[in-house]
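What follows draws every value from the coordinates through simple rules; no lab data is involved. All values reported here derive from a predicted model rather than from experimental measurement. All Cβ positions, even for glycine, are placed from backbone atoms using ideal geometry, and neighbour counts span all protein chains on display.
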2 protein chains.
Amino acid sequence: MNAPTDRSLPATSRWRTLASYAAMLAATGGIYLWIRSRGEQLRAPVAAPATLSDGHGHTGELAQLLLALAAITLLARLLGGVFRRYLRQPPVIGEIVAGLVLGPSVLGLLWPQAHAFLLPESVAPSLGVISKIGVVLFMFLVGLELDPKLLRGNTHSTIAVPHASIVVPFLLGATLALWIYPRYSNASVGFTAFSLFIGVSLSITAFPVLARILRDRRAQKTRLGATALACAAVDDVSAWTLLALVVGIATAKMSGAMWTVAYVALYVVGMLFVIRPLLQRFFVRREQQREGPLTHSALAFVFVALLASAVATEAIGIHALFGAFLLGAILPHEGRLASELRGKIEDVVLVLFLPSFFAFTGLRTSIGLLESSRDWLFCGLIVAVAIAGKFGGSLVAARLAGMGWRHSAALGILMNTRGLMELIVLNLGLDLGVISPTVFTMMVFMALVTTFMASPLLDLLLGRRGFEDPPTGASAVVVGPG
Amino acid sequence: MNAPTDRSLPATSRWRTLASYAAMLAATGGIYLWIRSRGEQLRAPVAAPATLSDGHGHTGELAQLLLALAAITLLARLLGGVFRRYLRQPPVIGEIVAGLVLGPSVLGLLWPQAHAFLLPESVAPSLGVISKIGVVLFMFLVGLELDPKLLRGNTHSTIAVPHASIVVPFLLGATLALWIYPRYSNASVGFTAFSLFIGVSLSITAFPVLARILRDRRAQKTRLGATALACAAVDDVSAWTLLALVVGIATAKMSGAMWTVAYVALYVVGMLFVIRPLLQRFFVRREQQREGPLTHSALAFVFVALLASAVATEAIGIHALFGAFLLGAILPHEGRLASELRGKIEDVVLVLFLPSFFAFTGLRTSIGLLESSRDWLFCGLIVAVAIAGKFGGSLVAARLAGMGWRHSAALGILMNTRGLMELIVLNLGLDLGVISPTVFTMMVFMALVTTFMASPLLDLLLGRRGFEDPPTGASAVVVGPG
């Protein structure tokens, strides 16, 4: 009975234990029933004390939210797999489509009962909280992945292409606003904010989707791939800076816009030349030298810095997303810190949070808002202008910089992917009230079409291995050692 | 200019580039101003289309939420560090205290402006969403860490102690309810649900806190430590099963309670004998053999299973937490899957989500509700009964099972830690409306006191190395090979 290796009791003792266990249970039950008989005559004070509780309904809401998350995560994985395997698209496009499918545009039209069961109106605010936290974390990751080396490769192509691919769609978008504004905007938004927003949102390139397409084709290290990555990085930084200004202007309604611009400049300079060296000196260097995995304190510190930077950008009148992005961008990209941070949060963000964002976007996208043929005409016009501006601008600029036709066209196609970055921008515009739900729906459609067309067009143009050809006539396209 | 290693352009070309860049910017600005002058005369349709947007206020809400999260994460880390370093307490106690400090009980009383700035009422629903998701994920992790071997070591102590440490506080708590119910409950809750809940919530042991205390003292592998872990594991499973029934009864208001019991039994049996083998066969085995890190698909699959299990438990009338816990418990604990899952989500849950849960708990805890000396008398009574039941019950049972006095007392102290598990149970009771905010506040106080007293009492009783003594007269306390 006391042999150190004997982990069970002998049989007789076990029976005795079971018997006493049963007796104990019976006694407990008996005693409780007696207590209950005494208590049932008691009266509780009738009025409830000042209630801080959320009341009875709340657990039902939790079940709703969990059900919605389960449906979202499942469908996102399924469609992501289908798009990857059968349509040879990056899975993220399937995830975006999954969000739209669960929304009023597809499930709500085809099977309203299922839509009301899985994603009722009441779940939208909770989903919004999750998707906003998720997008803030995601933008931090995008900043963390932004390779500063990509911003430094000054060649004709990497200067000309990103700027042309912002300026041309921006001007075309602003011009297009002349026709959209009087038809689909509302009077609470001025033309300036509206046209700036439309212009900038046509200039967005989805760096993550573009990188994913190149990775799928093992083309990051080819000249064309490296040029595309560099152009997209420059494009991203420029377009988001421009967007920050637009948000500042839209929020301040022109009156305080100059102040916002000054604050933004001050903030960026402060982050680069004060916070970055401080972080480097007091945090990063210690973390890089430390042994063992990332500590909770370090992770918490980065979270707090990320949240503080996001709050700071909100306080000066631009969106929290910029603060999250910039903090990611100023953290050092070499060494273990960045990769460990990514390892800790990337998977949870990509698997659990981002699909919620797509579903939240899907909930706000309603194809039903496009009723007349005029609506569809404008929707097509937006798609056409977006392609003309981004694809056309990039193609012409690359050609002028000395690249061959085929590679110039491929670069244009890649720059034309807008993917989830566009969705983030559009949600921001909708939140701010700069664009109406109808314009939002049209622009979501445009984002999907321009992203979706990239892979098949690249296949047509280059074949699966076309990236590996030496570029023709691209004497100036020299980027990186790869 | 076209040397493959030359990444920058020659100086003349660079000047030309800069000049054309400036010209391009000027031209863009000019063209945009012309577009704008055309657009400013336009009138937008006055009425906004059917609005799906959240309106202007929403970005302000996001800033509020991010600010609250920053304050919560920061204070939780700070107090966690203070409690660990200066009070020799597990950091989680400091994090719990941080949540209370940010709530109306401390900051709200001492500096209401700061409280209103950092954690206004409007942020509570968003914080609730984050904290609920966080607790569901946390319970999954608790299940994932539950070592089934701990449940199998049948010795006198590991049978007698956990059951005594549930039965005694349960009966004492139910008896105490005879006095609390007529004073602090409200009429919408029957005595049965109330007394069952009070009884069960006094029976909770915080397995994570207990494990943490033992780890801090390097005592998990000692006999006393192993016995305590085994007792806490059995206690946890039993108390949570009991709690599931109580929730079922409270929700069904006795009428459908028998159905709930039947459903729960069916659910548990189904998870153990249908889902577990299926998972083992079609998912786990493949994952264990796979090379490389955990894939997104596997992570998404586990998330979906976790959410589905949580929704299933909600559907049968018990709380989502049980479903999350049980899914964690039935996943295999050996091999890489469990440790990789923990590696992916544990840090984010512990660093970002749990402090939000503590802050949410703190927001609902209001010391101001305890006004009269009678309130404080009852608060003290609850603490006394909780200690008498849990510490007393465990001590007597361990002594009867043959352990020495000192080690029996140490075991009693360890079983008496309630920590964050108690907070989870209490929030559940408040959500269901079983307990009032006043009782909630009293019970939170009790949870803190009983958890806080463990470390100093253990130091007094055993010294820092007392665990390593060979147990005296503990011939039957044989647990595990350690």
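The table that follows gives values for the structure above.
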{"read-out": "Debye intensity ratio I(q)/I(0), log10, the stretch A:194-329, q values 0.09, 0.10 Å⁻¹ (C-alpha model)", "value": "-0.37, -0.45"}
{"read-out": "The stretch B:304-448: C-alpha gyration tensor shape, a/c 1.5 cut-off, then a/b vs b/c", "value": "oblate"}
{"read-out": "For residue A:188, label point 7 Å along C-beta direction: distances to other copies, nm", "value": "3.4"}
{"read-out": "Using a 7 Å Cα-to-Cβ projection, residue B:18 label spacings across copies, nm, ascending", "value": "9.1"}
{"read-out": "Chain A: proportion of alpha-carbon pairs further apart than 34 angstrom, %", "value": "44 percent"}
{"read-out": "Structure-based [θ]222 nm, chain A - -39500 (n - 2.57) summed over DSSP H runs of at least 4, per residue, nearest 500", "value": "-22500 deg cm²/dmol"}
{"read-out": "Label spacing, shortest first and in nm, from residue B:109 to its equivalents in the remaining copies (7 angstrom along Cα→Cβ)", "value": "5.9"}
{"read-out": "Sites residue A:381 and residue B:34, calculated FRET efficiency, Cβ-Cβ separation with R0 22 Å, nearest 0.05", "value": "0.60"}
{"read-out": "Shielding of B:349-362 by partner chains, average beta-carbon count, 10 Å", "value": "2"}
{"read-out": "Value of D in µm² per second that Stokes-Einstein yields for the stretch A:173-228, Kirkwood Rh from Cα pairs, at 25 °C (0.890 mPa s)", "value": "182 µm²/s"}
{"read-out": "GluC sites (Glu not before Pro) lying in DSSP loop within the stretch B:342-448, provided at most 15 other Cβ fall within 10 Å", "value": "B:371"}
{"read-out": "FRET efficiency, 1/(1 + (r/R0)^6) with R0 51 Å, evaluated for residue B:281 and residue A:274 via beta carbons", "value": "0.35"}
{"read-out": "Sparse-neighbour loop sites [trypsin sites (Lys or Arg not before Pro); the stretch B:248-328; at most 14 other C-beta within 10 Å; DSSP]", "value": "B:253, B:290"}
{"read-out": "R0 of 41 Å, Cβ-Cβ distance residue A:110-residue A:215: FRET efficiency to nearest 0.05", "value": "0.75"}
{"read-out": "Reciprocal of mean inverse Cα separation for the protein assembly as shown (Kirkwood radius, Å)", "value": "30.4 Å"}
{"read-out": "Phi to ³J(HN,Hα) by Karplus 6.51 cos²θ - 1.76 cosθ + 1.60 over the stretch A:133-148, Hz, x for Gly, Pro", "value": "4, x, 5, 4, 5, 5, 5, 4, 5, 4, x, 5, 8, 5, 7, x"}
{"read-out": "Nitroxide proxy distance, nm - points 7 Å out along Cα→Cβ at residue A:121 and residue A:340", "value": "4.9 nm"}
{"read-out": "Virtual spin-label span in nm between residue A:147 and residue A:296, 7 Å along Cα→Cβ", "value": "3.6 nm"}
{"read-out": "Charge dipole (debye, nearest 20) of chain B; +1 at Cβ of Lys and Arg, -1 at Cβ of Asp and Glu", "value": "900 debye"}
{"read-out": "Cross-link pairs beyond the 31 Å C-alpha cut-off, checked among A:132/B:149; B:149/B:390; A:344/A:390", "value": "A:132/B:149; A:344/A:390"}
{"read-out": "Crossing angle, helix B:223-252 versus chain B [Cα axis fit, 0-90 degrees, rounded to tens]", "value": "80 degrees"}
{"read-out": "Residue mean of other protein chain beta carbons inside 10 Å, B:130-141", "value": "2"}
{"read-out": "Listed residues B:409, A:247, A:289: farthest to the positive end of the dipole of the protein assembly as shown (Cβ charges)", "value": "A:289"}
{"read-out": "Average beta-carbon neighbours from other chains, 10 Å sphere, peptide A:188-197", "value": "4"}
{"read-out": "Normalised contact order of the stretch B:63-467, rounded percent, pairs of Cα under 8 Å and 6 or more residues apart", "value": "29 percent"}
